[in-house]
Amino acid sequence: MRALAINDISCVGKCSLTVALPVISACGVTCDILPTALLSTHTGGFTGYTFLGLDDEMKKIADHWETLGLKYDLIYSGYLGSRAQIAFVKEMKRRFLKQGGVFVVDPVLGDNFTFYKGFDAAFAEEMLSLCGEADYILPNETESYLLTGTKDFSAALKKLAAVCPHPVITGAQTEAGYFIYYQDGEARRLPIPRVEGSFHGAGDVFASAFCGCLLRGLSVEKALSLSADFCYRAILRTQKEVPDRKYGLNYEREILGFLQALEASV
Ligand code: PXL
């Protein structure tokens, strides 16, 4: 099995490709990467970060790959730096996803009910059109709101299900805490204990683990529950060990338990 992760390289802050590559590889599958941008840190909470968009380079990389005849079982896209990059990801899907392959979109837009720096409503609209080409979309509750205009999860899920067959809204901040997803024509809930506060990079750990589980042939339910549990454990560890949340999740020492659960499920 071969995956392609299209995401940025934030050199510090444990998100995007610095999470996707180790987590998907550890799941036991090949993970190639297409970097969208190079940043000194991610944009959530740091100031003064550097940003180099890689639009031109991405095109050259794709052209070279075409000469190699590369095709992917799964393409997973995350942080995209511009509307042009969203259009290019659609083209990547057409050129490089195998027939019957899976396209997973994490529509990275924001957190705490605001856009990350550099994103706005026009960008969200473009992201929604990318969601329309995906098999799975994994918005957090903020992104679900920015994509649909509603804070009601059930209503948002319905709107997203009209766009994509398998929307998963992660980390609904209700009293109990749950993920809400659409499967077999109905909304389903996956209870996840709620942890107070915001944890940067949690969405990337979850999405990467989810892709790894799908690639190993797990059902959607099993992939969701194992990935969410891994993410939850990493959040608990981070709460104890990392005073400054912008440095991302300490997921590394939770990955063994996740992989054991994965291997026991295949
Ligand atoms: O974790 C999402 C993410 C990915 N990449 C970059 C980001 C963010 C969120 O802030 O800034 C560059």
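The values are calculated or read from the model by the stated rules, or taken from the named source; none is laboratory data. Treat the numbers as computed from the prediction; the structure is a model and nothing was measured. Here Cβ is always computed from backbone atoms with ideal geometry, including for glycine, and neighbour counts include all displayed protein chains. Areas reflect the complete protein model, heavy atoms only, side chains present, ligands, DNA and RNA absent. Shrake-Rupley method; radii C 1.70, N 1.55, O 1.52, S 1.80 Å.
For this structure, a couple of remarks:
- Breaking point among (1) at pLDDT 95 or above; (2) over 24 Å from L4 (Cα atoms), for G212: (2)
- Scope the stretch 250-266; condition closer than 14 Å to F206 by Cα and surrounded by fewer than 15 Cβ atoms within 10 Å (Cβ to Cβ); matching residues: E252
- Single residue of A84, A122, A134 found to be surrounded by 14 or more Cβ atoms within 10 Å (Cβ to Cβ), among the small types (G, A, S), away from the ligand (no atom under 16 Å from the Cβ) and touching a residue at least 12 places away in the same chain (Cβ under 8 Å): A134
- The set of residues from the stretch 200-219 being in contact (Cβ under 8 Å) with a residue 40 or more places away in the chain and open to solvent by 20 Å² or more (accessible area, probe 1.4 Å) comprises H200, G203, D204, L214, R216, G217.
- Members of the stretch 26-79 that are of a type in the set (A, V, I, L, M), free of Cβ contacts under 8 Å to residues at least 60 places away in the same chain and open to solvent by less than 10 Å² (accessible area, probe 1.4 Å): L34, A37, L39, M58, A62
- Qualifying residues in the stretch 6-24 (those that are closer than 14 Å to A234 by Cβ and touching a Gly at 6+ places or on another chain (Cβ under 8 Å)) - the one nearest to the ligand (Cβ to nearest atom): C15
- Any hit, the stretch 29-39, residues being away from the ligand (no atom under 14 Å from the Cβ) and either in a loop (DSSP other than H, G, I, E, B) or among the charged types (D, E, K, R) (or both): yes
- Hits in the stretch 87-110 (condition: among the acidic types (D, E) and surrounded by fewer than 21 Cβ atoms within 10 Å (Cβ to Cβ)): E91
- Exclusive hit being modelled with pLDDT of 95 or more and open to solvent by 10 Å² or more (accessible area, probe 1.4 Å), set R237, R194: R237
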